[in-house]
Structures are given as structure tokens and as C-alpha cells.
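S.K.: Once you've had a glance at the structure underneath, I'll fire off some questions.
Since every read-out is calculated from the coordinates, none of them should be taken as a lab result. Computed from a predicted structure; not experimentally measured. Cβ sites come from the backbone with ideal geometry, for glycine too, and all protein chains shown count toward neighbours.
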């Protein structure tokens, strides 16, 4: 039977959670980003530059960074590239995101950059357009693009606060300092630690993105909450793409590699749970295509994704 993380590793991961909760008390970012230690190295009219360290808090059993964490980093860089032009207070809703993976292993510290590509022309609600690249050790892990809809604050209400973490150190909160909402997140982390195994990593368990194969595909049910929420309280856009990608990957044997994913966001990630269902639509000798649909409250479609997969080489 697979063993759970060692006692020392469990203590390390739990402390990371308590540090993330401390960072999360500064409003304007989200818990998942704080746990992943995303740092905004730069954000201006030329580009956004973000960094994220690797570690057992975000890695799968093979030592690669979890695909949901990668998508969160890419999504944040894309939005940062747009905010550098239209203003840092802007609230942006992800409309679409397209990621192409190069096959370079997502190991070690990661860096993502985002570049503004202009506002969509000729529409009643122009979308901000951006492109991104994520690198590991100077080698490109993925590149992609995205479209975001600026959302004005409701009349009479101030805009949501926005905070760009700069890497400042934070002390972990003590258990007696935790609020009821923070205790819910810690309890989820403790459960993830207790059930983490070689094939079911801590980050998968924590995010609730741990799918299972089905006939002709795969499925995953993810509980929502502040552990996966954005500033508005909806599931963070990169993590939504990560849910679709992880579920699609589970539809195929482990020898297949995710080579690209295009996702379209149709409604906010609302509801107590989100349900992802992946179906294989093409399975060739070297390539495969999977279609994944994520639904939420009242079975409303939240996201639709199409992913491509390639047969990996034998080591």
C-alpha cells in the first residue's frame, strides 16, 4: 500500500498552509496563489513577470508541477499583462485560454510572462487580449494566449481590492489565531495530507482535482470554497482549466502526455461542487483528442475544453 508523506514533510506542508493563510489576510489575492507562493516580480505596460517556486506543496509524484498550478500561473500572467495597460484595479473575467505544452519538464522554479496584445475591436464589450509563456530554468514549458472581459464595479460599490504579492516573508498563523473560515481551509489541508499517496498528491487532494477513469473518458467532482476561489469568490480561472486538463489526462493511460488545451469559460464557477466529465473523441496511434465539460450550480455549464494529447516516449 502507498504510504502517506513522512511526518517531517507533513509538518512542512502544514506550515506552508498556515503561512498562506497569513498572507491571505491581505485582501486582493487568493489562497491558492498564496499557497503556491506566486510573486509578481514586475507588472507594467511592457509585460507582467511572475515567479513560482517548486516544492512538495505543488508537485505530483513524478516531481512535475501540478497542471492546475501551471494554469493558474499562466492565467495570472495573462491577466497581469492586460492590467498593465487598462489599470491595476480592473476586474477581469477569463473568456478563453489556450495553452500549448512544449514537452519541457515543469521542474524547479517557474517564471511566467504576460504581454498585452490589445483590445478586441468592433464589439460592444471589447475583450483584453494577451499572450504568455511559462519557463523552467530558462526553457519554455508552455506558451499560450487568453481573452479577458473587463467587469466594472456595481454602481455605488468600490472595486474589489487587488494585491500583488512581492515575496515578503510571513510568519505562519498559530492555530488559536485562526478564524472559522481559515479553520475550514486548514481542515481541508489536513485531510489532503492524511490521504495523500504516491499516485494522489497533496495538491491534487487539496484542490479536489483527483479524477477517475470512466468508460470512454474520465470524471471528477471538485468541491468549491476559498481554497480554490478568486477575489470574487468564484473558482479561479486557471484552476478551472486545470480541472479540465487533469480530468482529460485521466481519460487516457499514463503513457500519454497533455500537449495542448483550449478552454472557453461560459459562466462563473459557482455552486457547492463542480463536475468535470471528459470524453475521448479521437484515439489514434500517436495523438488523441479529449473534450471536457465542467458544470456547476443547477447543472449550468461553467467551462468547455478540448485538449490534445501525444503518446510519450519510453525512457
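S.K.: Any idea how far apart residue 174 and residue 266 come out in nm if each label point goes 7 Å out from Cα toward Cβ?
M.R.: Taking the two extended label points, one gets 5.1 nm.
S.K.: Moving to a separate point now. Determine, for each peptide in 285-297, 178-190, the mean count of other beta carbons within 10 angstrom over its residues, then list the peptides with the highest first. Intermediate values should be presented prior to the final figure.
M.R.: Numbers: 285-297: 18.5, 178-190: 15.2.
Per-residue mean Cβ counts within 10 Å order the peptides as 285-297, 178-190.
S.K.: Over the chain, with a Gaussian network built from C-alpha contacts below 10 Å, which listed residue (99, 173, 110) shows the highest mean-square fluctuation?
M.R.: Of 99, 173, 110, the Gaussian network model singles out 173 as fluctuating most.
S.K.: Here are a few candidate values for semi-axes √(5λ) of the Cα gyration tensor in Å: (1) 36, 28, 19; (2) 32, 31, 20; (3) 27, 25, 19. Which one was actually calculated from the structure I just gave you?
M.R.: From the options (1) 36, 28, 19; (2) 32, 31, 20; (3) 27, 25, 19, the structure gives (3).
S.K.: Determine the relative contact order of region 1-207: mean sequence separation of Cα pairs under 8 Å and six or more apart, normalised by residue count, in whole percent. Let's see the in-between values first.
M.R.: Working: 397 pairs, mean separation 56.7, N = 207.
Relative contact order, region 1-207: 27 percent.
S.K.: If you don't mind, there's one more thing I want to ask. For region 211-315, what does the convex hull of the Cα positions come to per residue, in cubic angstrom? Intermediate results must be reported in sequence, preceding the final value.
M.R.: On the way: hull volume 10.4 nm³, N = 105.
About 99 Å³ per residue, rounded to a whole number.
S.K.: Expressed as cubic angstrom per residue, what is the convex hull volume of the alpha carbon set of region 1-126?
M.R.: Measuring per residue, one finds 138 Å³ for the Cα hull of region 1-126.
S.K.: Taking the number of other C-beta atoms within 10 Å as the exposure measure, put 300, 23 in order starting with the fewest.
M.R.: On the way: 300 12, 23 19.
Exposure proxy ranking, most exposed first: 300, 23.
S.K.: Something else about it: Highest first, please rank the peptides 133-143, 150-160 by the mean number of other Cβ atoms sitting within 10 Å of their residues.
M.R.: Numbers: 133-143: 17.8, 150-160: 10.6.
Highest-to-lowest ranking by the protection proxy: 133-143, 150-160.
S.K.: Based on the Cβ-Cβ distance of residue 12 and residue 255, what FRET efficiency does E = 1/(1 + (r/R0)^6) give at R0 = 45 Å, to the nearest 0.05? Walk me through the intermediate numbers first.
M.R.: Details: r = 32 Å, r/R0 = 0.71.
According to the calculation, E is roughly 0.90.
S.K.: While we're on this one: Please report the Cα spread of region 105-188 along all three principal axes, rounded to whole Å, starting with the longest.
M.R.: Computed over region 105-188, the largest-to-smallest principal extents equal 55, 46, 24 Å.
S.K.: With a 10 Å Cβ neighbour count serving as the proxy for reagent exposure, in which order, fewest first, do 249, 149 appear? List each step's numbers first, then the result.
M.R.: Numbers: 249 22, 149 15.
Ordered from fewest to most neighbouring Cβ atoms within 10 Å, 249, 149 come out as 149, 249.
S.K.: With a cut-off of 8 Å between alpha carbons and a minimum separation of six or more residues, what is the relative contact order of region 211-315 in percent? Intermediate results must be reported in sequence, preceding the final value.
M.R.: On the way: 239 pairs, mean separation 31.1, N = 105.
Taking the mean separation of contacting Cα pairs over the length of region 211-315, I get 30 percent.
S.K.: While we're looking at this one, here's another question. Whole Å is fine, so just give me how far the alpha carbon centre of region 238-256 lies from that of region 132-178.
M.R.: After rounding, the separation between the Cα centres reads 23 Å.
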